[in-house]
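Nothing in this text is a laboratory measurement; each read-out follows from the coordinates by a stated rule. Just so you know, these numbers come straight off a predicted model, no measurement behind them. For neighbour counting, all protein chains shown are included, and Cβ atoms are generated from backbone atoms with ideal geometry for every residue, glycine included.
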Amino acid sequence: MLALRIDPDHSTTRKATGYSRKSDEVNWTRSGEINQKWINSLQANKQALSLSITIEDDADAVFIEEYQWRLQRLNRFIWQITEGQTYIKDIHIRDKTPGDSNSSLHRIVIPKGQLTIPVMEGGGALCKNSGRPDWQVISGGRCYVRILAHEICHGLFGVPNERHGCYCLMQGGLYGIKTKDLVLCDSRSHRPAPITPTSCWDTILKRYSGMKHPNTERFGRAPETLITVTDH
């Protein structure tokens, strides 16, 4: 991240990217270890995501650095939400590129003119074609990371509508998120409604038989996402 290149001891950035240290320590560390055997099994089961992101504006280096920080946080959020059963293996950012309908190349699109706007329709982002192979998230360039995670859950897992009354990341509302924790509702915590008769976890488990809830495996911490940038 740009802040860490300028000041490797920048405490705000270190904490935001998952590092911590005690008052008597010099080095910053991340808690937990990577369980490589578990990661290998996720890759074999196609539960390691590869995403492409299109930025229609010409983003400068400062924005790209900031956005990569957001994406690393997004990876850890997805990891926590899915109880270590999905993570973002790699992301390719295409700068100054038209975001056409080919969503395999444009899974997340920041439309022209939205680069520095944090809130747009849907409280920061919206998902098209939820649960379909061609799902796509349209997002402001400074959309809150929790909201990006919310919309990706719509697209990836096919959770069809906003949760109402559940203590859940998919809770609806002006800003989308009503919870302080990164959790999805299950059969115990779900509050049925006409548009959301089934809990998030029940929906996910029906679509992905290899996943489980609760996940009792010692899955460790999420690997870092490999991010590459094509600057046109």
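Details
- Fewest neighbouring Cβ atoms within 10 Å first, the residues I34, I152, I64 line up as I34, I64, I152.
- Ordered by the count of other Cβ atoms within 10 Å of each Cβ, fewest first, H92, H106 give H92, H106.
- Taking 7 Å steps out from each Cα toward its Cβ at D134 and Y167 produces label points 4.0 nm apart.
- For segment 36-231, share of DSSP beta bridges that run antiparallel, in % to the nearest 5: 20
- Residue-span extension gain [A61 to D231] - 0.36 nm each, minus C-alpha spacing: 60.2 nm
- Using the Cβ of D134 as centre and a radius below 14 Å, the other residues enclosed give a net charge of +2, where K and R count +1 and D and E count -1.
- Oblate is the label for segment 36-231. Its Cα gyration tensor axes, ordered a ≥ b ≥ c, give a/c of at least 1.5 and b/c at or above a/b.
- Computed E for R191/K96 - FRET, C-beta separation, R0 45 angstrom, nearest 0.05: 0.50
- Given charges at Cβ of Lys, Arg, Asp, Glu: segment 34-140 dipole, positive-most of L115, Y67, G84: G84
- For T86, T228, T198, order by how many other beta-carbon atoms lie within 10 Å, fewest first: T228, T198, T86
- Modelled label positions at N40 and K212, each set 7 Å beyond Cα in the direction of Cβ, lie 2.0 nm from each other.
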